[in-house]
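Working notes, structure below.
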């Protein structure tokens with residue numbers, strides 16, 4: 001299952017919750033973080049965005065999905081459900097859809113913009129100002145096709161309350177998904 005949403009929507013909160021439940025997480029953003037570190041740059045929103053855009057210009061917008069495919073397949077051999085945190089682009093979506101077809105489930109986490117920006121300003125790791133959050137939204141929509149996977153989502157959670165309510169919504173969706181997924185083998 002791929003988790004999609006705009007910055008501050010709660011994707012990582014959902015992924016962390018599912019990780020605590022025992023599901024393996026594959027984080028596409030880790031590919032970018034590794035590249036930022038490899039270049040001996042500090043981990044900042046600006047450096048992440050710069051490297052993300054450069055890698056995608058050089059190798060194609062779907063590069064993170066291509067690089068993650070072997071890991072996803074390996075995890076699927078041992079787990080009923082694998083969680084992909086941070087499917088960003090429509091190109092990545094198409095790569096995963098081609099590989100896994102109808103077995104790919106996409107879960108969109110939607111949070112109103114004002115609340116997302118408030119959360120982004122308050123987060124401990126990589127906080128963003130209002131202006132930085134807006135710039136990031138525009139860059140992700142315009143430069144990395146972020147709207148496509150959100151529009152194509154199979155499931156959507158509206159996340160505008162506290163974490164308790166978010167967790168209840170995840171549990172409801174998870175129960176439905178696991179009823180339909182054969183044990184041990186679920187391709188995305």
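Values quoted throughout were computed directly from the atomic coordinates according to the rules given, and no laboratory measurement underlies them. This one's a predicted model, so the numbers in the text were calculated from it and none came from an experiment. Cβ sites come from the backbone with ideal geometry, for glycine too, and all protein chains shown count toward neighbours.
The table below lists the values:
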item	result
Paramagnetic reach from residue 115 in the stretch 1-37 [backbone N under 17 Å; point 7 Å along Cα→Cβ]	4-15
Ranked list, fewest to most other Cβ atoms within 10 Å of each Cβ, for 113, 75	113, 75
Order of 104, 122 - criterion: other Cβ atoms within 10 Å of each residue's Cβ, fewest first	122, 104
In nm, spacing of pseudo-spin labels at residue 103 and residue 16 (7 Å Cα→C-beta vector)	3.1 nm
Extension reserve of the residue 151-residue 58 stretch, reckoned as 0.36 nm per residue once the Cα distance is removed	30.9 nm
Separation between Cα centres of the stretch 30-53 and the stretch 146-161, rounded to whole Å	26 Å
Value at 222 nm in deg cm²/dmol, rounded to 500, when DSSP H runs of n ≥ 4 in the chain each add -39,500 (n - 2.57)	-17500 deg cm²/dmol
Listed values [x] 46, 35, 34; [y] 81, 44, 25; [z] 43, 38, 27, entry calculated as Cα extents along the principal axes in Å	[z]
Separation in nanometres of the label points that stand 7 Å from Cα toward Cβ, at residue 40 and residue 67	2.0 nm
